[in-house]
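So the structure is just underneath, and the comments pick up after that.
The values are calculated or read from the model by the stated rules, or taken from the named source; none is laboratory data. As the structure is a prediction and not an experimental result, all values here were calculated from the model. Because the Cβ atoms are built from the backbone with ideal geometry, glycine has one as well, and the counts that use them run over all protein chains shown. With ligands, DNA and RNA removed, areas are computed over all heavy atoms of the protein, side chains included. Shrake-Rupley method; radii C 1.70, N 1.55, O 1.52, S 1.80 Å.
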Amino acid sequence: MKLNNLPSEFQEALPILEKIKAAGYDAYFVGGSVRDAILGRPIHDVDIATSSYPQETKQIFRRTVDVGIEHGTVLVLEGAHEYEVTTFRTEDIYVDFRRPSQVSFVRSLEEDLKRRDFTVNAFALDEKAQVIDLFEGLADLDGKILRAVGVPSERFGEDALRIMRGFRFAAVLDFEIEPATFQAMRETAPLLEKISVERIFIEFDKLLLAHFWRKGLQDLIDTEAYQYLPCLANQAPHLQNMIEGLSEDAQFTSSEQAWAMLLIALEVKDPKKFCRKWKTSNDFMKSVCQLVELWQLRLEGAYDKQACYKYGKYQLTLVEELRQLQGLAVDFALIEQLDQSLTIHDKHEIVVNGGNLIQEFGLKPGPDLGRILQEIEFAIVDGHLENEQEAILDFVKEKGRV
Ligand code: ATP
Ligand code: MG
């Protein structure tokens, strides 16, 4: 098969292939970008595979960066672009079902394509726009089928992350997992416990943000792979609720929002602990915990100025969107109105600070001073107190604090 219109991303990268070929080696576009080009989907990161060894690749180009020489990858800088150029390789030693501890560089494209995870990820594209399809990936693209390259159980046994990648691709592409591949995912799923949580998080996160996330999540449930993921063991009914309790066309606008929905569906009692088990960043944890907290608060009634001030308009909107997906009553206009009515959005905007109060009234630094500052902040946010020096000092006096 030949690609009729070589997408511009590949055209721009053609000089790289040509230079490698002129030096006497083979070079092809490979990986997800070829799959996406055939499907007519937007392309990101064009990856190149070559028979030249890293040191040889470096000789061919003027500007290169060693980004992963031990894995065979050299970053080639060409004009405004950069391309990962990776030597054909096989991955021969797997320890503990994780990433290979050692890769061998080879001169054969076929060997390289054989170690790739799914048939639809194992294409190569040459400089004449000819698609090389050694594993009937084109037929699978046509039939919307996700099939492991080679013997599925062996492939998942080598690297169990591929199981999660499988759910992710089913969710992104709206593909059905081929029965033998599905069965192997089911059988090898316990190996997920050996994979680093951070890598699983990345795949699960991509799954949740995908257009067809329901499909990926359903596969995760049906293979029982969820049993081996942090905090998800025995949670099938809750996971199922997440699929069935949201509107048909539900999509998440951010990772934090998607994970907050997951925690809400799971009725997680301690969101912080959940995020720690998933080893998320602190910022991510903070944001997800806030969303879950806000979602609870909102169940009790409409937002007020204090909530808008404390959590910010963006977080309130994310929660309101979740409510919409759940078919609950929403009021986006109120959020806008509350935000506009706030005279401050941050305590640093208050014109009087602790130092001023110490100077003015001879107060001592300590918890009492902290409480007075909090009262000022609360009253300004509520709209009872103007953010103006004289008014604030009067407020402190009236409160009998000095
Ligand atoms: P995306 O659109 O998310 O970038 P992708 O298919 O390009 O999807 P990458 O993670 O960027 O996925 O990997 C690039 C290619 O490398 C894949 O298409 C696949 O051929 C191969 N690959 C990546 N991870 C694995 C793995 N764990 N096992 C086997 N092959 C893999
Ligand atoms: Mg990619």
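Test Val120 against the stated conditions and say whether it is open to solvent by less than 60 Å² (accessible area, probe 1.4 Å) and within 12 Å of ligand 1 (Cβ to nearest atom). Here the answer is yes, as Val120 does meet what is asked. For the stretch 133-154, a residue qualifies if it is among the hydrophobic types (A, V, I, L, M, F, W, C) and farther than 18 Å from Asn5 by Cβ, and the qualifying residues are Leu134, Phe135, Ala139, Ile145, Leu146, Ala148, Val149, Val151. Looking across the stretch 145-194, the residues that are within 12 Å of ligand 1 (Cβ to nearest atom) and more than 16 Å from Lys114 (Cβ to Cβ) come down to Leu146, Ala160, Leu161, Ile163, Met164, Arg165, Gly166, Arg168, Phe169, Ala171, Val172, Leu173.
Among the residues of the stretch 219-231, those that are part of a loop (DSSP other than H, G, I, E, B) and crowded, with 21+ Cβ neighbours inside 10 Å comprise Thr223, Leu229. Does Ala49 meet the test of being in contact (Cβ under 8 Å) with a residue 12 or more places away in the chain, within 12 Å of ligand 1 (Cβ to nearest atom) and in contact with a Pro (Cβ under 8 Å, 6 or more places away or on another chain)? For Ala49, the condition - in contact (Cβ under 8 Å) with a residue 12 or more places away in the chain, within 12 Å of ligand 1 (Cβ to nearest atom) and in contact with a Pro (Cβ under 8 Å, 6 or more places away or on another chain) - is not met. Collect the residues in the stretch 232-258 that are surrounded by fewer than 17 Cβ atoms within 10 Å (Cβ to Cβ) and assigned to a loop (DSSP other than H, G, I, E, B), keeping them in residue-number order. Hits for the stretch 232-258 are Ala233, Asn234, Gly245, Ser247, Glu248, Asp249, Gln251, Thr253, Ser254. Taken together, the residues in the stretch 1-13 that are open to solvent by 30 Å² or more (accessible area, probe 1.4 Å) and not in a loop (DSSP other than H, G, I, E, B) amount to 5. If you go through the stretch 138-160 and keep only what is open to solvent by less than 10 Å² (accessible area, probe 1.4 Å) and touching a residue at least 40 places away in the same chain (Cβ under 8 Å), you end up with just Ala160.
Residues checked against (1) in a loop (DSSP other than H, G, I, E, B); (2) open to solvent by 50 Å² or more (accessible area, probe 1.4 Å); (3) among the hydrophobic types (A, V, I, L, M, F, W, C):
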site	(1), (2), (3)
Val172	no, no, yes
Thr181	no, no, no
Leu191	no, no, yes
Ile200	no, no, yes
Leu207	no, no, yes
His211	yes, yes, no
Arg214	no, yes, no
Leu217	no, no, yes
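For the stretch 381-402, filtered to residues that are under 18 Å from Tyr309 (Cα atoms) and in contact with a helix residue (DSSP H, G or I) (Cβ under 8 Å, 6 or more places away or on another chain), the residue that is most open to solvent (accessible area, probe 1.4 Å) is Glu386. Of the residues contained in the stretch 39-52, one or more are found to be away from ligand 2 (no atom under 14 Å from the Cβ), more than 29 Å from Leu141 (Cα to Cα) and either outside any loop (DSSP other than H, G, I, E, B) or touching a helix residue (DSSP H, G or I) at 6+ places or on another chain (Cβ under 9 Å) (or both). When Thr253, Thr223 are screened for being touching a residue at least 40 places away in the same chain (Cβ under 8 Å) and over 26 Å from Thr119 (Cβ atoms), only Thr253 passes. So is Thr87 at pLDDT 95 or above, open to solvent by less than 20 Å² (accessible area, probe 1.4 Å) and within 16 Å of ligand 1 (Cβ to nearest atom) or not? Yes. Highlighted here are the helices (runs of 4 or more DSSP H) found entirely within the stretch 259-358 that include at least 2 residues which are closer than 23 Å to Arg214 by Cα: 271-277, 282-299, 313-325. As an exercise: evaluate Glu78 against (1) within 14 Å of ligand 2 (Cβ to nearest atom); (2) open to solvent by less than 60 Å² (accessible area, probe 1.4 Å); (3) touching a residue at least 12 places away in the same chain (Cβ under 8 Å) and give the number of the one condition it does not meet. Evaluating Glu78 over (1) within 14 Å of ligand 2 (Cβ to nearest atom); (2) open to solvent by less than 60 Å² (accessible area, probe 1.4 Å); (3) touching a residue at least 12 places away in the same chain (Cβ under 8 Å) leaves (1) as the failure.
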